[in-house]
Amino acid sequence: MRILVTGAAGFIGAAAAQALLARGDHVVGIDNMNAYYDVALKRARLDRLRPHAAFQFHPIDIADRAAMQALGERERFDAVLHLAAQAGVRYSVTHPQAYFDSNLLGFGHVIELARQCRAGHMVFASSSSVYGANARLPFSEHDNVDHPVSLYAATKKANELMAHSYAWVHGLPCTGLRFFTVYGPWGRPDMSPFLFVRAILAGEPIKVFNGGDMERDFTYVDDIVEGVVRILDRPPGSGASALLDSPATSSAPYRIFNIGNSEPVRLLDYIAVYEQALGRRALLQMEPLQPGDVVATAADVHDFEAATGFHPATPVAEGVRRFVDWYRSYHGLV
């Protein structure tokens, strides 16, 4: 297949592009290479993709309407894997415009390109953040998600609604994937693995929010990529479900799935895994719960497993060990 991957220099985007190339697909990647975090890391991810003859890269911002229109006019794609976005719950509190531009305007440009190209499937990244103030665990795709607690989450919920409208009106098969706390090698420097390893090695304190009373459904990146690729090959059909009262299903070619490890880990236990992997104790600095954060996440993945036959299962201890090994190698600390 010929697949457009947006956010191809990003954490999940680069890993997904690598997997698609490995199985013989032709990948066209785009990314705006912005400075939200170290651009050198993004370039390093791209350097792993460039040797593939079936990979093309274009430095395009999805918020650039003219550039996206031009791409759609000169290219045809069998599928679109939309992973570009402005990420980060806390950053959305202080930089809302970045989320309006990328996650709303940019999403509109991508889905319109998919429609114009008559792509057979558009798969896009949503987030566990959409569950917001929901208190019932584990989070189910069939629960109402009308109470986001961050702008980031609200933009992801908006993406799901926009995709449903395109599936309903234009018959564009769309699948949204709610990722749960993805971690692993080549991850983002603003996420906990980078922050924890850097602080422990430097003997600096780790900020522990909500006094450590938090749980996250940490999901290893290779499991996420396996799920993404499987879903990409399984576009939803029209008439798949008449359950219009569920956010996850529709009689239009549209589905929403959770992808998570479905085994939440306490924050302090998670830090202890890094201590064990590094052979050093962490200094803990207790902090209050941050605006936009939620106390706990846990994924109900029954629908995803039924659709794909796959259940993410990499143990956190193994995933952290692999991340620490990569971190040492990438930074020349081996």
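The values are calculated or read from the model by the stated rules, or taken from the named source; none is laboratory data. Quick caveat, the model's predicted, so the values are computed rather than measured. Cβ placement follows ideal geometry from the backbone for every residue including glycine, while neighbour counts extend to all protein chains displayed. The accessibility values were calculated without ligands, DNA or RNA, using every heavy atom of the protein model including side chains. Shrake-Rupley method; radii C 1.70, N 1.55, O 1.52, S 1.80 Å.
Compute the signed sum of charges (Lys and Arg +1, Asp and Glu -1) over the other residues within less than 14 Å, Cβ to Cβ, of E160.
Numbers: positive: K156, K157, R178, R255; negative: E141, D143, D146.
Value of the local net charge: +1.
Taking all protein chains together and a probe of 1.4 Å, list L267, L177, L333 from the most accessible to the least accessible.
Values: L267 25, L177 0, L333 85 Å².
Listed by decreasing accessible area, they come as L333, L267, L177.
Each semi-axis of the equivalent ellipsoid for the chain is √(5λ) with λ an eigenvalue of the Cα gyration tensor; in descending order they amount to 31, 24, 18 Å.
Among T314, T175, T297, the largest mean-square fluctuation in a Gaussian network model of the chain (Cα springs under 10 Å) belongs to T314.
Sparsely packed loop sites in segment 126-201 (the trypsin sites (Lys or Arg not before Pro) outside DSSP H, G, I, E and B with at most 16 other Cβ atoms within 10 Å) comprise R136.
Got a number for carbon plus sulfur as a percent of the chain's accessible area, 1.4 Å probe? Reported share for carbon and sulfur atoms: 52 percent. Tally the DSSP beta bridges in the chain and give the antiparallel ones as a percent, rounded to 5. Antiparallel bridges: around 5 percent, rounded to the nearest 5. Amide H contacts of V182: T219, each under 5 Å away and 5 or more positions distant or on a separate chain (H built 1.01 Å from N in the peptide plane; Pro and chain starts excluded). Taking every protein chain into account, the accessible area of the chain amounts to 41 square angstrom per residue (probe 1.4 Å).
Relative contact order for segment 96-185: what percent, with Cα pairs under 8 Å and sequence separation of 6 or more?
Details: 98 pairs, mean separation 36.9, N = 90.
Averaging sequence separation for qualifying contacts and normalising by length gives 41 percent for segment 96-185.
Taking θ as phi - 60° and the Karplus parameters 6.51, -1.76 and 1.60, the scalar couplings of segment 128-141 work out to 4, 4, 5, 6, x, 7, 4, 9, 7, 10, x, 5, 10, 4 Hz in sequence order, x denoting glycine and proline. Across all Cα pairs in segment 21-67, the calculated P(r) in 5 Å bins from zero up to the longest distance comes to 5, 19, 26, 22, 17, 10, 1 percent per bin. Descending by average beta-carbon neighbour count within 10 Å, the peptides 33-44, 250-261 line up as 250-261, 33-44, the highest first.
Taking the convex hull of the alpha carbon atoms in segment 41-149, what volume per residue do you get, in Å³? It would help to have the intermediate numbers written out before the result.
Working: hull volume 16.5 nm³, N = 109.
Dividing the Cα hull volume of segment 41-149 by its residue count gives 152 Å³.
Here's the picture: charge each Lys and Arg Cβ at +1 and each Asp and Glu Cβ at -1 in the chain, and of Y270, G203, V295 the one pushed furthest to the positive end of that dipole is G203.
For M122, the amide hydrogen comes within under 5 Å of the amide hydrogens of V80, C174, T175, counting only partners 5 or more places away or on other chains and with H modelled in the peptide plane. By a 1.4 Å probe calculation restricted to protein chains, R230 has an accessible surface near 70 Å², given to the nearest 10.
Spatially, segment 177-204 and segment 73-109 are offset by 22 Å when compared through their Cα centroids.
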